[in-house]
Amino acid sequence: MPNYYAAIDLKSFYAAVECNDRHLNMFMTPLVVCDTRRGEGTIILATSPYLRHMGIPSRLRRKNLPKDIPIIYARPRMARYLEVSAEFNRLLLEYVGEDDLHIYSIDECFINIGPYLKLYRLSAKELIKKILHEIEDRLGLIATAGLGPNMFLAKVSMDIEAKHSPDNIAQWDQKDIETKLWPLTPLSKVWGISSGYEKKLNNLGLLTMGDIAHYPKTTLKFYLGVVGETFWERANGIDDTNIREKYSPLSTSISVGQTLEKDYSIYDARRLLMEMNDDLARRLRRQGDLAQAVSISLTYSSAEGNYQNGTRLLLPTDITYELDAIVQNLTLRFDNKKKIRGLSIAYFNLISNTCCQLGLFDDEKKEDERIFDRALDKIKARFGSNAILRSSSLLKNSTARRRNEEIGGHAR
């Protein structure tokens, strides 16, 4: 059977999990997933369908919530959400093979159901309806799904139509392109088109997907590059992506970042960078890689943008003190008068640590550092990241202990 795709999204995932664990109906409960310890300005992670039906979006600051509703606040529990997400993926693997499942996010995925329709003796819509009922019965979650001959049409049909369908399912085929895809506007509603590209497309006089479909492909590629060609193909319902062809990047990287709750000076920020580098270097060693390039980004508290700096290394390394020295040197050109609200570090061009090229001036100290790093890694792996810390992590402005108790910036 030919490939035929379904995009599945768990509705109000975080809020739904919290309502289920409290034995509450998410369609009748004013629940908000938010860490109230972070003050009135904190961003809400999710709102229940009950609140969304009242016009309250899923992303806003806590201070902007209506005061006349007795809202239930649920502290984020990322470990629990990951657990439920894993159950969701295991359920899907009961219907399709691992090669036909692509996990897009914690609450969204694609599956290729085409090769299985003959096995189940069901149409695409009948099979997806069966899967959605299974998700509701076993996990207590409501899911929406989009169906299409390719991943793009499946995703867009889910985003645009499924949420308004009585059975939470939408199906777009080639015959629906002209009537359903082409009228879509603004363009940023469409999967894969950012607000920045929407502006560029609008400047070319392209306001709808139909406008893109009828625009010369070569001209669009001239103005926007390869991505312009992709936009033209998507507007005409063309997407040759094969879910079984897993992407392997030629150049890999890892990164860590955090948004700060108050303004930090460069002096305090350097200590935070040191703590973040400890975590990132440990992660680098855990996956058995060496870094060949390092970059940092500091976001200003004002609306002036950010500071970025990076460098390539003479020799690849995974030693914490070497990487920290590089990170600290990258901050030297930063304007000390500016205040900081965000930090990030990235290691680029990773290579496998299967062999180690010795430097001309390497000595016993370098090997001692390697042994020291691995000893700390073992302690933290066994007893937790807060089992052993830098003394600076005990200072008031440090965020290390709190971050070590979080997943993705939220409480476990």
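Things to note:
- Scattering from segment 112-247 was approximated by placing one identical point on each alpha carbon and applying the Debye formula without solvent; log10 I(q)/I(0) at 0.22 1/Å stands at -1.30.
- The slack in the chain from Lys262 to Arg37, taken as 0.36 nm per residue of separation less the alpha-carbon distance, amounts to 79.6 nm.
- Candidate aspartates and glutamates for bridging to Lys189, where Cα separation is under 13 Å - those fewer than 8 sequence places away on the same chain excluded: Asp159, Glu161, Glu198
- With coordinates expressed along the principal axes, the C-alpha atoms belonging to segment 1-172 extend over 54, 28, 24 Å, beginning with the largest.
- Full-stretch length increase - Arg121, Tyr223 - with 0.36 nm per residue and alpha-carbon distance subtracted: 32.0 nm
- GNM top mover of Gln287, Gln171, Gln308 - the chain, alpha-carbon springs below 10 Å: Gln287
- Choice from Leu147, Leu101, Leu207 showing the highest fluctuation, given a GNM over the chain with Cα pairs closer than 10 Å: Leu207
- 25 Å Cα-Cα reach of Lys129 towards lysines, excluding residues that sit fewer than 8 places from it in its own chain: Lys11, Lys118, Lys155, Lys163, Lys175, Lys180
- Computed over the alpha-carbon atoms, the chain gives an Rg to Rh ratio of 1.00, Rh here being the Kirkwood radius from the mean inverse distance.
- Per-residue ellipticity at 222 nm, computed for the chain from helices alone with -39500 (n - 2.57) per DSSP H run of at least four residues, works out to -10500 deg cm²/dmol.
- Straight Cα distances below 15 angstrom link Lys67 to the aspartates and glutamates Glu40, with same-chain residues fewer than 8 positions distant left out.
- Overall dimensions of segment 253-411, expressed as equivalent-ellipsoid semi-axes from the Cα gyration tensor (√(5λ), whole Å, largest first), are 26, 20, 14.
- Applying 1/(1 + (r/R0)^6) with r as the Cβ-Cβ distance of Asn309 and Lys163 and R0 = 41 angstrom yields a FRET efficiency of 0.45.
Readers should treat all values here as calculations from the given coordinates under stated rules, not as data from a laboratory. Computed from a predicted model, the values in this text were never measured in an experiment. Counting neighbours? That spans all protein chains shown, and the Cβs are built from the backbone with ideal geometry, glycine included.
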